[in-house]
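Heads up: the structure comes next, in C-alpha cells.
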Amino acid sequence: MLRLGVLCLWRRRPLVFGVPAKNLGLRKVASGVSPPGSTSPRALNIFDRDLKRKQKNWAARQPEPMKFDYLKEEVGSRIADRVYDIARKFSLALDVGCGRGYIAQHLNKETVGKFFQVDIAENALKNTLEMEIPTVSVLADEEFLPFRENTFDLVVSSLSLHWVNDLPRALEQIHYVLKPDGVFIGAMFGGDTLYELRCSLQLAETEREGGFSPHVSPFTAVSDLGHLLGRAGFNTLTVDTDEIQVNYPGMFELMEDLQGMGESNCAWNRKALLHRDTMLAAAAVYGEMYGNEDGSVPATYQIYYMIGWKYHDSQAQPAERGSATVSFGELGKINNLMSQEKKSQ
C-alpha cells in the first residue's frame with residue numbers, strides 16, 4: 001500500500017498494484033446519468049459537467065491509466081482504513097464517483113458484502129481495478145443517484161465531489177439512500193490544493209498579459225463542510241484535513257499528470273488557452289519560488305475527510321440541557337473527591 005513517504009518521491013516511481021480487472025462477470029452497467037442542464041434551481045453552475053465526463057473518459061482510455069492513479073489510490077486506501085475502523089460488516093455499500101474503483105480494491109468480503117460503484121464516466125467503469133467484492137457498476141451523476149431511500153449501509157466517495165455543481169444536493173442524495181444508522185465516509189480536495197501552481201500561473205499571467213484568469217478550479221472551504229453535512233441531515237460529524245505533497249520534475253509534468261488523472265479544470269470561466277511565453281514564465285516562477293534543491297517542484301494536495309451518520313434511535317444522544325448534576329466550577333475538585341473516596345475504601 002502506498003503511503004505518504006512514497007508519494008513524496010518522484011512521480012514516475014512504478015506502482016506495485018493497479019492491474020486492470022480481467023473478469024468483469026460480476027459487473028453490470030446501468031444508466032442513471034442526468035440530462036444536460038438538469039441541476040437544482042438553487043445550484044451555482046460553476047462546472048461544465050459534460051466536459052468533466054469527457055476528461056474522465058479520456059483519462060480512462062489511456063494505454064496505462066494506472067500510471068496516473070497514485071494519488072487517487074492513496075486517498076482511496078485512507079478511506080478504506082476509515083471503513084475498517086468501524087467494527088461492523090456492511091451488507092450493501094455504494095461508492096459515489098468511484099472512478100476505476102480506488103476504494104473497493106482495498107476492501108474485503110468480511111467488511112462489505114456487495115458494492116455498487118457510480119460514476120459519470122463509462123470508460124472508467126469498464127476499466128476498473130481488481131477487487132474481491134462482488135461489484136455492480138452504475139453510470140449515473142453524483143447529484144442524481146438512481147437508488148431508493150434507505151438502501152445502503154455505507155456510502156463512500158473519494159476525490160469526486162469537488163466537481164459537483166450542487167454539493168448540498170449531492171450530500172442530501174447520499175443521506176437519502178443511506179439506511180438509518182448508516183454512515184457516509186468521504187474525501188474531497190480542499191482549498192489549498194495546488195496553491196503553488198495557482199500562484200505561479202497568476203504571477204506569470206499578470207506580468208505577461210496584464211491580468212489573470214482562474215486556471216485551477218475553486219474548492220470548498222473546510223469551515224463549510226460541517227454546515228453542509230448537518231444541513232443534509234447527518235449527525236455525529238467528523239471533519240479533518242490532511243496534506244499530501246508530491247514532487248515532480250517540473251510544472252509541465254504536473255499538468256500532464258493532472259490531465260492523466262482526469263483532474264483538468266472544467267470551470268465555465270476557465271481560459272481556453274495560455275500563451276507559450278506565459279507558460280514558460282509560470283514554470284520559471286514555480287521553480288524559483290517553490291523548487292527543491294534537486295531541481296524538482298512540489299505540488300500540495302489538501303484533502304478534507306468527512307464522516308457523517310444517518311439518525312437512528314439506537315444512537316447515543318446528548319443529555320438534555322440543564323440535566324447535569326455537576327457544574328463546570330466543580331470539575332477542579334474531582335481529583336480531591338476521588339482521593340477521599342479511595343481513602344475511605
Given the whole protein assembly as supplied and a 1.4 Å probe, what does the accessible area of Ser223 come to in Å², nearest 10? 90 Å²
In square angstrom, rounded to the nearest 10, how much accessible surface does Trp309 have for a 1.4 Å probe? 50 Å²
Would you mind computing, in nm to one decimal, how far apart the modelled labels at Leu274 and Asn108 are, each placed 7 Å from Cα along Cα→Cβ? 4.5 nm
Residue-by-residue Karplus 3J(HN,Hα) for region 295-305, coefficients 6.51, -1.76, 1.60, Hz, glycine and proline x: x, 7, 10, x, 10, 9, 10, 8, 10, 9, 10
Please give me the summed charge of the neighbours of Gly97: other residues whose Cβ is under 10 Å from its Cβ, Lys and Arg +1, Asp and Glu -1. -3
Taking amide hydrogens as modeled 1.01 Å from N in the peptide plane, which residues meet the under 5 Å criterion relative to Val112, leaving out close sequence neighbours? Phe90
Counting only residues 5 or more places away or on other chains, whose amide H sits under 5 Å from the amide H of Gly250 once H atoms are built in the peptide plane? Val297
Find out how many positive minus negative residues lie around Ile307, taking Lys and Arg as positive, Asp and Glu as negative, among other residues whose Cβ is under 11 Å from that of Ile307. -1
Give a residue-ordered list of calculated ³J(HN,Hα) values for region 147-160 (Karplus: 6.51 cos²θ - 1.76 cosθ + 1.60, θ = phi - 60°; whole Hz; x for Gly, Pro). 10, 7, 5, 6, 9, 10, 7, 9, 10, 10, 7, 10, 6, 10
Along region 47-55, what does the Karplus equation 6.51 cos²θ - 1.76 cosθ + 1.60 (θ = phi - 60°) give for ³J(HN,Hα), rounded to whole Hz, x for Gly and Pro? 10, 7, 5, 5, 5, 4, 4, 5, 4
Scan around Asp181 for amide H atoms under 5 Å from its own, H built in the peptide plane at 1.01 Å from N, and keep only partners 5 or more places away or cross-chain. Lys310, Tyr311, His312
Around Asp69: net Lys/Arg minus Asp/Glu count, Cβ-Cβ under 11 Å: -1
Total Lys pairs in region 42-93 closer than 30 Å by alpha-carbon, pairs eight or more apart in sequence or interchain only? 7
By per-residue mean of other Cβ atoms within 10 Å, what is the highest-first order of 230-236, 169-175, 93-99, 132-138? 93-99, 169-175, 132-138, 230-236
Roll a 1.4 Å probe over the protein heavy atoms and report the accessible area of Arg88 in Å², nearest 10. 90 Å²
Take the Cα of Asp242, step 7 Å along the line toward its Cβ, and report every residue of region 93-127 whose backbone nitrogen sits under 16 Å from that point. 102-107
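The values are calculated or read from the model by the stated rules, or taken from the named source; none is laboratory data. None of the values given here were measured: they were computed from a predicted structure. Here Cβ is always computed from backbone atoms with ideal geometry, including for glycine, and neighbour counts include all displayed protein chains. Areas reflect the complete protein model, heavy atoms only, side chains present, ligands, DNA and RNA absent. Shrake-Rupley method; radii C 1.70, N 1.55, O 1.52, S 1.80 Å.
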